Amino acid sequence: EIDIYREIASDEEDIEIGEFSDELAQETVQRLRDIGCDSAKAVLELSVDELVRRSGLAPEVAQHVMSVIRAEFEDEEEEELEG
């Protein structure tokens, strides 16, 4: 077993993938972790096609994953602009 850790700049926000368990099925979250995508930014570094290929998720599910994660970051950006 190999653990992979990413350095994240202190000014760069990231979200642990388990935080999306309200919007994503537990099996989907686990598949993301299984391929080393334990954070939202790690998932967004992949294309939908690569996510499908690596995780075995259906294309519709992979697209939903990307949409949910992108929406979360858009919401955070809006809150920062308002606050």
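The values are calculated or read from the model by the stated rules, or taken from the named source; none is laboratory data. Note that this is a predicted model, so its numbers are computed, not measured. A quick note on method: Cβ atoms are made from the backbone with ideal geometry, for glycine too, and the neighbour counts reach across all protein chains shown. Accessible surface areas use protein heavy atoms only, side chains included; no ligands, DNA or RNA. Shrake-Rupley method; radii C 1.70, N 1.55, O 1.52, S 1.80 Å.
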Q. To one decimal place, what orientation-averaged projected area in nm² is obtained for the convex hull of the Cα set of the stretch 22-83?
A. 4.3
Q.
If packing is taken as the average count of other Cβ atoms within 10 Å, what order do 56-69, 16-29 fall into, highest mean first?
A. 56-69, 16-29
Q.
Tell me the carbon and sulfur percent of the accessible area for the stretch 31-71, rounded to whole percent, probe radius 1.4 Å.
A. 48
